[in-house]
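Inspection log for the structure reproduced underneath, given as structure tokens.
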Amino acid sequence: MTLRNSLGPIIALLLPIACESPQSARETASDTAAETREVAVRDSAARMATDTLWLFASDPADDAVHASDTEATLRARYGAGNLASERIHLGESQTVPGTVIFPNDSSRRLTVIWEDSVARTRPTRVTIGSRRTRWFVIPGVSIGTSLSELESLNGKPFKLFGFSWDYAGTVSGWE
């Protein structure tokens, strides 16, 4: 279809708007703009819902890992193919048995360390290990959140362990 042939349907769509009173046309344009904004907000929310994973959500029921979880409950929640039993690096050359959720997807990978590593119950530590993660904690903190943003959310400065070692950048006190 050429541009000339496509003008007919476009004019047919615009004709009712052109024949409206100026007030009616303004209302229609305003309604259209509002609908467009509403769709954009819905699309953004849908994208956020699919692109963002909440390690700690506004509703604790939506948290990725719960204090009552076991490896079996995580397997039921995420699927058996999305879990792997691995040794988890703690730092200073120490490892412990743990579980990796989404081991083949670095943007969703989580490691879980268990209080009871034999029965794989009572998670004691959940970590994110990728700069390109989709995991966030409420109110939107993730890897890459700046120190000034964290201080603003905290309401004041806080203390970190120094850098250039295994525990670099770990918060030692929120003050």
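Collect residues whose amide H, placed 1.01 Å from N in the peptide plane, falls under 5 Å from the amide H of Thr70; neighbours closer than 5 in sequence don't count.
none
Hey, what's the Kirkwood Rh for the range 56-112 if you take every pair of different alpha carbons, in angstrom?
Roughly 12.2 Å, rounded to one decimal.
Within 10 Å, Cβ to Cβ, of Thr95, how many net charges do the neighbouring residues add up to if Lys/Arg are +1 and Asp/Glu are -1?
Net local charge, Thr95 excluded: 0.
Determine the gain in length on full extension of the stretch Asn104-Glu175; use 0.36 nm per residue of separation and subtract their C-alpha separation, reporting nm with one decimal.
21.8 nm
With +1 on the Cβ of every Lys and Arg and -1 on the Cβ of every Asp and Glu, and nothing else charged, how large is the dipole of the range 100-155 about its Cα centre, in debye rounded to the nearest 20?
About 260 debye.
Grab the beta carbon distance between Leu147 and His89, set R0 = 30 Å, and tell me the FRET efficiency rounded to 0.05.
Here the calculated transfer efficiency is 0.75.
Computed from the coordinates by the stated procedures, all read-outs in this text should not be read as laboratory data. Because the structure is a prediction, the values reported are computed rather than measured. Heads up, the Cβs are rebuilt from the backbone with ideal geometry, glycines too, and the neighbour counts pull from every protein chain shown.
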